[in-house]
Every structure is written in structure tokens, then in C-alpha cells.
1. What number goes with the only condition from (1) over 29 Å from the mean Cα position of the chain (by Cα); (2) acidic (Asp, Glu); (3) farther than 19 Å from B:Glu464 by Cβ that B:Glu477 does not pass?
2. Please find, within segment A:70-83, the residue that is nearest to the other protein chains (Cβ to nearest Cβ) out of those that are surrounded by 15 or more Cβ atoms within 10 Å (Cβ to Cβ) and over 15 Å from A:Ala7 (Cβ atoms).
3. I'd like the full set of residues that are within 19 Å of A:Glu50 (Cα to Cα) and either aromatic (Phe, Trp, Tyr) or more than 10 Å from chain A (Cβ to nearest Cβ) (or both), limited to segment B:513-528.
4. Residues that are assigned by TED's automatic domain parsing to the domain that holds B:Val358, without any contact (Cβ under 8 Å) to a residue 24 or more places away in the chain and buried (at least 21 other Cβ atoms within 10 Å of the Cβ): which strands (runs of 3 or more DSSP E) entirely in segment B:233-320 hold 3 or more of them?
5. Only one residue in B:Ile182, B:Ile188, B:Ile91, B:Ile140 is in contact (Cβ under 8 Å) with a residue 40 or more places away in the chain and either within 26 Å of A:Ser41 (Cα to Cα) or in contact with a Cys (Cβ under 9 Å, 6 or more places away or on another chain) (or both). Which one?
6. Could you check segment B:518-555 and list, in sequence order, the residues that are assigned to a loop (DSSP other than H, G, I, E, B) and among the polar types (S, T, N, Q)?
7. Can you tell me which residues in segment B:353-364 are in contact with a helix residue (DSSP H, G or I) (Cβ under 7 Å, 6 or more places away or on another chain) and crowded, with 21+ Cβ neighbours inside 10 Å?
8. If you take the residues in segment B:376-387 that are in a loop (DSSP other than H, G, I, E, B) and either at pLDDT 95 or above or of a type in the set (A, V, I, L, M, F, W, C) (or both), which one is nearest to B:Ser360 (Cα to Cα)?
Amino acid sequence: MSDIKNAILDYIKNEYLEEEDEDDINFDTPLISGGIVDSFSMVSLKVFLEITYKIQLPDSKATPEAFDSVNNIYELLNEFNVQ
Amino acid sequence: MANIGSYESKLNDFSWQIAEKELDYKPGDIINIGEYCTDRICRMGKKDKLALIWKGHSGDIKKYTFDQMRVHANTIAHYLSGLGLQNGDRICLFMDKTPELYFGFLGILKMGGVAQPLFSAFGPESLITRLEDAGTAAIITQKKHLSKVRKIVNDLPSLKNIIVVDYDGKKPLKDGETAFFIEKEEPIENYDIFPAKAETPSVLHYTSGTTGKPKGAQHVHYSLISQYISAKYVLDLNDDDIYWCTADPGWVTGTSYGIIGAWANGVTQCVLDAGFKAQSWYGFIEEHKVTVWYSAPTAIRALMKEGDEIVKEHDLSSLRHLCSVGEPLNAEAVIWSEKVFGLPFLDTFWQTETGSIVISNYPGMKVKPGSMGKPFPGITATVVDLKTHEPIETGVVGLIAIKPGWPAMFRTYWKNEKVYKSKFINGWYICGDRASIDEDGYYWFVGRDDDVINTGGHLVGPFEIESALLEHEAVAESGVIGKPDPVNMEVVKAFIALKAGFEPSDMINLEIMNFIRKKLSPLAMPQEIEFVDSLPKTRSGKIMRRVLKARETGEDIGDISTLENDL
């Protein structure tokens, strides 16, 4: 569980945050509503998840709510049997 | 009764002097926008009225009266002057939608600087292009964006001052960087504003074109006249309104109507500094009893996607007037908003270059869903032939053209007078958008007349993305187009031929997406990449984007006699 969450968190830190902010986020940090990942950047996050976990996320599932924290993303992945 | 009264009668008795008179302005007077949005409103007896209700993504709320805003703007103006910055200096605002962004904008104008707002999501490449072109002297930013500025500052000899509004002392500042805290600075009660006249430069907004680098559309303080009266007539702003403009001030809507138009009318406005979520947007309207809402089709369509049930969970009865801007508002969105809010979103049309609304729907005027509406009173508009640029008959598609001379018209492209002049043909300003006019005088948008991509209401230049793509080690050549999209109108799609030794893969796809997102901006990131062996080019080697676009949309490719290679 924590491996997956940590992998997603590390990816977000590396790809979406500047060095100064990397310590400031955790599994519950709002990503979309917090302005860390915007609606355009959600697309690349979705591609990352699909490649890494070998799944296809339909647009109806890739919503701002589902992507709004690492914990939410983990719950979404669980729906696709990623554990 | 709406402020505009009857649109038809207003057409007959309108002149810009109405706005001048209401603003107590006479030709030759001082007309500093910063002063008009703060000091003047206080003198009108509204100093204790709320000017700004701000909510951050963590839920914290800050409220400022017009007098507090006046003093904060003074304090920033004083600080900037103290750094040696002078009137005419370009001062960039590179921040999220924090209160300091709004006060900074007004403060820059008060001290005679030229405000240059840029999206905080811009990457170093987008940033340096615009700062270098403008010869920007100072940048006001947050610590979260400081590392992007540091990456480019050594290549910007004009950039002498980097002002950090939320420095926490954790890491040392470098040469040229200063910490500024609005709440801790000594408040400047009285500040001698720069005596800006009508043609004094005020704001420099960068906009993308088909070719070349982004161009800086230069505006002047006299733009206030258009922005004030169009905010009053189109947005129908009244003294007791709570107004929410969702636009970021990095975009012209965020300054013309997210700052100037609203505050020159003395209206309270709300700002939500958080990403898009239907729940939080509706909650924000309910919480602050927003009455007038100015948003964008992309956001409206995203709300539509979230369904009607979520709307019913909120009390949105405070809403009385809705407007939209950025791209054409489709008829379905207008009909949907009438169904769920009991109000139609009224489409408004204008551009970075026009500075204020030029074609619009109006309170009280019959709405034809999907139409752009009619020209604003005082604006002479038409549709001209694509080739001759002469006005054409009703129902025929041509280019939207505006007779120059309205107050908010841009005055030049920064250091690019040649391109500026090329926008004016046969005595008309040519907008670059195709439309037709129906028998009732309503305008109907058809599409752009060039390759510029309108994604989520923002214009993105394909050339800028193609140039950046070439800097990726795997990219040999690329062609970028706008792909039709149900939410964003268009999204960026890149056709890429890889260099020898690189093979198409999901991983290289993601790598290229992130490369552009970080280098330019999330807006510019290709939402879709198609790897191809080669690209259609003219014999002179120019990539034929229209061929790529036609292939994508299944439309007729048209004349390809100049094509160098087969598809």
C-alpha cells in the first residue's frame, strides 16, 4: 500500500513541485483544489498512472475529485485492482 | 432595470463621454487607474466597504476594505519607488491569485510602472521569453515560484529586482532578491500617485500568435473608460453586488474585469485562489452570496460534466447575472445554465488586444443561444471578406473587424510596431476570428483564421510549442495543432517524428508531455502525441499544420500543390 502511495507522492514531488515545496505535501494534501496539479496537468498524471500500473483509466473516472490527493488516487487504483 | 436600460436605445444615445463624465474625467486630466480603483472610491464614501473577499485553497479567508486596499497599494507603490523603479518600468507579477497580486497590480499603476502579469504556471522558457522581450526591471513573486526565476535571472540583464512577498527565511535570499511583507511594512497612508495621462502605458499583456514569439499588447490608462462602462453595462455591476470573476490576472480578463472594471465601479469582488472543483466552486458562491459571476466556457462545461445533482446541494439563489468569456459559449451550455441556475450565461467576446468587451449579449436583450451577441455601444463592428477585407453581406462568413478608436484598444505590440500595423487593414482592426452576422445583427463565431490554439479560453501559439519540442533530445521535427475538445474547445496535439535511435513508446510520450509542461506551461503541454515517420511540409520546408488539422478532423485537406512529400 505505502509503496504505491510513496511512488505517486514521489512522482508528484518530482514533476509538479519546485524544490522549495517538496517537503510540504503528504498523502492528504489537496492536489487539484490546492493548485499543485491543474486540470491540464491531470492528463500527464493520468498517463503516468496508466503506464506505471498498466491500466486504462476512463475519463469518467479521472475526475478532479479522484485526483485530489494521493489517498484519493490510491482508492481509484484499488478499483482497478492495483494494490 | 439593468444598467444598460434598453440595448437598442443605448446604441442611439451612447458616447464614451458618458463614462468620462461618470468618472469625473475630462480630456487632459490625470487618469491613473490605480487611483481610480482605490482613492476615488474611498472619496466617494465607500472606504469601509469590502473591496476584496479572498479565499485560499486551504480555506483561509481574508477580507479587505477599499481603504485597506488603497493603503496596501500605496505601500507597494512606495516600496517599488524606494527600490529605484521608475515610471515606465515594466514590473512583472508572477504569482498565484494572492491578495498581493491584486494590490501589487494597483501599486505598480500608482507609481507609474507598467504592470506585466504572467501566469504563475509558466515554466522558465515561457517566462524568459516574455521578460526578455519586455526588458522587465522587476518581478514580484512568491517563494514557491522563486526557483523558476532563479533559473533564468542570469540571462536577463534588465531584471534588477526580485521581490518575494512570502519569504519565510528558511533559505537565504540571493543578490537582487528582497523580502516584502505587506502586513509588516509601515503602511503608507498618503502616496503621490504618478500623474498618468490618457496615453500613459499601464499594462503589458503577452499573447501568442501563429508564428514568432509571444507579443506584448500594450495598454494605456485611458482603457479605464471602456472597462468601467462595459463592466457596468454588460456585467451589470451595481453597488450591492458581490462579484466573482474566475479569471487569473495573467489573462486579460483577470485585469480588465477581475480588477479594473469591478473596482472602478466600487464593487465588492471575491477571489478563490484554488484549483477547479465543482463542489468548492458552488460552495464559494453559496458562502459569499455571489450575485454576478463571470466565468469561462471551459469551466461551465466542466461544471456541466459534474451533473445537476451537485447544483441542488447548494443554495445558489444569490446569483442574478452570469456572463462568459474566452471562447464561444455553445448553445447547450447556455440552455443548461438556464435549466440549473434559472439564468443563461451571456457570452461576451473580446481579446487581449481589444482590452474590453467589444461584442456581447446584454441584460434584457434576447439571447440566441450560441451567438456572440451584438457590438457594444460605441463599438463599430462588422464582418469583412477574407481576402478583400471589405464588409460583406449578412450571413456570409468573414473576419470580425472593429473600427479603431475605442478607449481600451491596444496601442502597440511592445517593440513590434510592424506586426501591430499589420493588424489594421482598410481602416479596420482585424481580430483574426471568423464569424457571420445574422439578419437580426447577432454575430456567430465560426473559428480562428489562423493556427493559434484556443484551449480553455487561452491562446497558445503552435510555433512556441514546436520550437520547445525541438529542444527535447528525441524530437527530430514536430507539428502542433488544436484538436477539437468537448470541454476545452481545443487541446494541444503534437505530431512528432523522432530522431534515429528513438522509438515511440508510452514512456517517451509522457516524458515529452512533462518536458513541455515544465518548460512552457501546462496549457502548452500536448494532451495527445502522435508519432509519425515524417510531417507534411511545403517545398520550402514549412510544416503544413492545416494538413495535419484536416487529417485530424477528417475535413477536406484543400490545395496541397505546395506539399513537398506525400502524407
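1. Failed condition: (3).
2. The extreme case among them is A:Asn72.
3. Residue satisfying the conditions is B:Phe515 alone.
4. Qualifying strands (runs of 3 or more DSSP E): none found.
5. Result: B:Ile140 is the single residue among B:Ile182, B:Ile188, B:Ile91, B:Ile140 that is in contact (Cβ under 8 Å) with a residue 40 or more places away in the chain and either within 26 Å of A:Ser41 (Cα to Cα) or in contact with a Cys (Cβ under 9 Å, 6 or more places away or on another chain) (or both).
6. Residues satisfying the conditions are B:Ser521, B:Gln527, B:Ser534, B:Ser540.
7. Across segment B:353-364, the qualifying residues are B:Gly355, B:Ser356, B:Ile357, B:Tyr362.
8. Looking at residues that are in a loop (DSSP other than H, G, I, E, B) and either at pLDDT 95 or above or of a type in the set (A, V, I, L, M, F, W, C) (or both), I get B:Phe376.
The values are calculated or read from the model by the stated rules, or taken from the named source; none is laboratory data. All figures in this text were calculated on a predicted structure; none of them were measured in a lab. Because the Cβ atoms are built from the backbone with ideal geometry, glycine has one as well, and the counts that use them run over all protein chains shown.
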